[in-house]
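*Asks:* Below you'll find the structure I mean.
The values are calculated or read from the model by the stated rules, or taken from the named source; none is laboratory data. Worth saying up front: this structure is predicted, and the values here are computed from it rather than measured. FYI the Cβ positions are ideal-geometry reconstructions off the backbone, even for glycines, and counts take in every protein chain you see.
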Amino acid sequence: MTNWLMLNDFAIAGCLLLLGKVIRVHSRLLQRFYLPSAVIAGIIGLALGPSSLDILPWSGSFGSNAGLLTTVLFCSLGLATDIPSPSQVANRAGSLWAFNQIATVSQWMFAALFGLFLATFIWPELNSGFGLVMSSGFMGGHGTSVVVGEIFGDLGWEDALTLCLSFATAGIFIAIILGMLLLQLALKLGLIDNFASFEQMDRYQRRGLIEPEKQQAVMTETMSSLSVDSFAVHLAMVAAVTGFAYLSGEYLSSFHPKVQIPTFVTGFIGGMLVRRVAQLTGSANYLCDKVFNHASGCSTDYLIVFGISSIQVMVLANYLLPMVVLMLGGISFTLFLILWVAPKILGKGWFEKGIFSWGWLTGTVAMGIALLRIVDPKMRSKVLDDYAIAYVPGSITDIFVISLMPLAMVSGYHWLAFAVAASYITAVLGIWRFVLPKQG
C-alpha cells in the first residue's frame, strides 16, 4: 500500500469517526443504546462502502488497516501494563481471576464444540472452526476478531474475517440490550437497590462528553521540548514495539508452515518487556501511561471503523442461518455463565462483577464499563481495579487460546484442544476452591 492510499483510507475513517460522534451527540436513540461513535462510523462506512453503495473511495486493501491497528493496540497495552505479584492477584482479585479464566476458556470451548456439531451434522459445508467466529467476536471484540480472522485466512478460510467482525459488531448491541434487561431483572430480584437510568444522567453523560469544568489533561509532559517533544518519544516507543512485533512474529513463524505467531502476541509481550526495562533503569519516571492508554483507545476506535466497513455483505448472507443459530447458542451459554456460574464463584456482591463480565464476554470491556457505571456510578465496588489486577495473568491464557484454537480446529487437533481446555478449567476450579482466599 502506498503512502497516499493509506493516508486516503485514514482520512476517510477519520471523517466517518467525526460524523459518528456528531450523530451520537444529537441522537437520543443512539445515546440510549450507549453505542460507541466508532460503531456508528463503521456502520456508515459499511453502508457507503464497496459491499453496499460503493460511494466511498476506499483503497482496494483498506480492510488490512485493521490488522495493523490491532498490533498497535496490543503493543500499547503492553507498554501500559504492570505485572502484578502472585499475592496481589490472589488476595485482591483471586475470585474474579478464576471466573474470568473459566468464562473465557469455556466460552471458546463451547463455541468450538457447538460449531463443530453444526459443521458435522447440519451444515457439512461449514469450516470445522466455524464456531470460533462467535467467541472471537463476543469475548474479544473487533481486535481479536481481526486476529482470528487473519489466522483462518492464512489457513485457507478467507470468509472467516467477515464472520468474526460481524459477531463483534452484533455483540456490542447484544451486550447493551440484554445487559439492560439483566439490570431490570436484578432490580426485581433485589440484587441491586437501584441504578442510574438514562433519564438520571446529565446531558454531558448522555452525549458522551466531559463537562468543561471536569476535563483533564491527556498526558503529563515528562520531557523538555528543548530536546524532544514528550509525545514524540511515546509515539516512538509504540512504533518501535510495533516494528518488533512484526519482525519477531515473522521470524518465529518461519520455522513451520502451519505455525503462525500472531503479531499481537509478540507486540503485547514486547511492550511489557520494554516497560520492565524502563522500570529497572529508572526511565519509567519519564513515561506517561495516559499516552499509551490513549494510543490503545485510538487504535481500537479506528480498527472498529475499518473492521465494520470491510465486512462483506454477500459473504455474511451466505452464512446467515448458521450464524443466527450459533449466536443464539452463544447468548444462551454466556447467560448461563453470568447467572449460574458467577454467583457461585464471585460470592457476595457478585452482580456488579457479573454485569461487567457480561459486557466484555459479549461485546467489549468498554461495554462492560458502561453497564457497570449504570449499576455502580461511583465505582464503589472496585470492579475495574480488580479486573486490572486479574487481567495480566489472564491475558497469557487469552494469547494461547486465540493463537492456537483456530489452528487446532482446522488441523484436526480439536479433541486434544478440548481435553487441554477442560483440564485447565478443572485446575482453575481446584485453585479457586483450595488455594485462593474467598472474597465474600
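*Asks:* Can you name the residue in the stretch 395-440 that is touching a residue at least 24 places away in the same chain (Cβ under 8 Å) and of a type in the set (S, T, N, Q) and is also surrounded by the fewest Cβ atoms within 10 Å (Cβ to Cβ) among such residues?
*Replies:* Applying the filter and picking the extreme gives Ser411.
*Asks:* Let me ask another. Any idea which of Thr242, Thr266, Thr334 is assigned to a helix (DSSP H, G or I), among the hydroxyl-bearing types (Ser, Thr, Tyr) and without any contact (Cβ under 8 Å) to a residue 60 or more places away in the chain?
*Replies:* Answer to the check: Thr266.
*Asks:* Identify, by number, the condition in (1) touching a residue at least 24 places away in the same chain (Cβ under 8 Å); (2) under 16 Å from the mean Cα position of the chain (by Cα); (3) buried (at least 24 other Cβ atoms within 10 Å of the Cβ) that Phe152 doesn't meet.
*Replies:* Tallying (1) touching a residue at least 24 places away in the same chain (Cβ under 8 Å); (2) under 16 Å from the mean Cα position of the chain (by Cα); (3) buried (at least 24 other Cβ atoms within 10 Å of the Cβ), Phe152 fails exactly one: (2).
*Asks:* Hey, does the stretch 273-281 have a residue that's farther than 19 Å from Met6 by Cα, part of a helix (DSSP H, G or I), of a type in the set (Lys, Arg) and out of contact with any helix residue (DSSP H, G or I) (no Cβ under 6 Å at 6 or more places or on another chain)? Write out each step before concluding.
*Replies:* Within the stretch 273-281, the subset farther than 19 Å from Met6 by Cα is 273-281.
The next check asks that each one be part of a helix (DSSP H, G or I); those that pass are 273-281.
Then keep just the ones that are of a type in the set (Lys, Arg); that gives 275-276.
Applying the additional criterion that residues be out of contact with any helix residue (DSSP H, G or I) (no Cβ under 6 Å at 6 or more places or on another chain) yields 276.
Yes, there is a match, as at least one residue in the stretch 273-281 is farther than 19 Å from Met6 by Cα, part of a helix (DSSP H, G or I), of a type in the set (Lys, Arg) and out of contact with any helix residue (DSSP H, G or I) (no Cβ under 6 Å at 6 or more places or on another chain).
*Asks:* If we keep just the residues of the stretch 294-330 that are of a type in the set (Gly, Ala, Ser) and surrounded by fewer than 20 Cβ atoms within 10 Å (Cβ to Cβ), which is nearest to Glu158 (Cα to Cα)?
*Replies:* The extreme case among them is Ala317.
*Asks:* A follow-up question, please. Which one of these does Ala93 not meet: (1) surrounded by fewer than 24 Cβ atoms within 10 Å (Cβ to Cβ); (2) at pLDDT below 95?
*Replies:* (1)
*Asks:* Among (1) surrounded by fewer than 20 Cβ atoms within 10 Å (Cβ to Cβ); (2) modelled with pLDDT of 85 or more, where does Gly190 come up short?
*Replies:* Unmet condition: (2).
*Asks:* Condition first: of a type in the set (Asp, Glu), over 28 Å from Leu346 (Cα atoms) and assigned to a helix (DSSP H, G or I). Can you find one or more residues in the stretch 138-160 that meet it?
*Replies:* Checked against the condition, which is being of a type in the set (Asp, Glu), over 28 Å from Leu346 (Cα atoms) and assigned to a helix (DSSP H, G or I), the stretch 138-160 yields at least one hit.
*Asks:* Please determine whether any residue of the stretch 24-41 is over 21 Å from Gly149 (Cβ atoms) and among the β-branched types (Val, Ile, Thr).
*Replies:* yes
*Asks:* How about the stretch 344-374: which of its residues are crowded, with 24+ Cβ neighbours inside 10 Å and part of a loop (DSSP other than H, G, I, E, B)?
*Replies:* Result: Gly363, Thr364.
*Asks:* Report whether or not Ala422 is in a helix (DSSP H, G or I) and either more than 24 Å from the chain's Cα centre (by Cα) or under 19 Å from Tyr34 (Cα atoms) (or both). First the steps, then the outcome.
*Replies:* Details: in a helix (DSSP H, G or I): yes; either more than 24 Å from the chain's Cα centre (by Cα) or under 19 Å from Tyr34 (Cα atoms) (or both): no.
No: the conditions fail for Ala422.
*Asks:* Let me ask you something else. Of all residues in the stretch 93-120, how many are aliphatic (A, V, I, L, M) and over 14 Å from Ala342 (Cβ atoms)?
*Replies:* Going through the stretch 93-120 one residue at a time, the tally reaches 9.
*Asks:* Something else: Of the numbered conditions (1) in contact with a helix residue (DSSP H, G or I) (Cβ under 7 Å, 6 or more places away or on another chain); (2) closer than 30 Å to Gly14 by Cα, Glu352 fails exactly one; give the number of that condition.
*Replies:* For Glu352, the failing item is (2).
*Asks:* Got at least one residue in the stretch 360-367 being of a type in the set (Ser, Thr, Tyr) and under 16 Å from the mean Cα position of the chain (by Cα)?
*Replies:* Yes, some residue in the stretch 360-367 is of a type in the set (Ser, Thr, Tyr) and under 16 Å from the mean Cα position of the chain (by Cα).
*Asks:* Pick out the one residue from Ala170, Ala160 that is crowded, with 16+ Cβ neighbours inside 10 Å, over 22 Å from Leu337 (Cα atoms) and aliphatic (A, V, I, L, M).
*Replies:* Ala160
*Asks:* Among the residues of the stretch 15-50, how many are assigned to a helix (DSSP H, G or I) and more than 22 Å from Met367 (Cα to Cα)?
*Replies:* Matching residues across the stretch 15-50 total 3.
Residues checked against (1) at pLDDT 90 or above; (2) under 23 Å from the mean Cα position of the chain (by Cα):
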site	(1), (2)
Thr266	no, yes
Gly270	yes, yes
Val313	no, yes
Asn318	yes, no
Thr334	yes, yes
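*Asks:* Suppose we keep only residues that are at pLDDT below 85 and not aliphatic (A, V, I, L, M) within the stretch 68-90. Which one would you say is farthest from the chain's Cα centre (by Cα)?
*Replies:* Applying the filter and picking the extreme gives Ser87.
*Asks:* Whether any residue in the stretch 12-32 is crowded, with 16+ Cβ neighbours inside 10 Å and modelled with pLDDT under 90 is what I want to check.
*Replies:* yes
*Asks:* How about the stretch 342-356: which of its residues are touching a residue at least 60 places away in the same chain (Cβ under 8 Å) and in contact with a Phe, Trp or Tyr (Cβ under 7 Å, 6 or more places away or on another chain)?
*Replies:* Ala342, Ile345, Leu346
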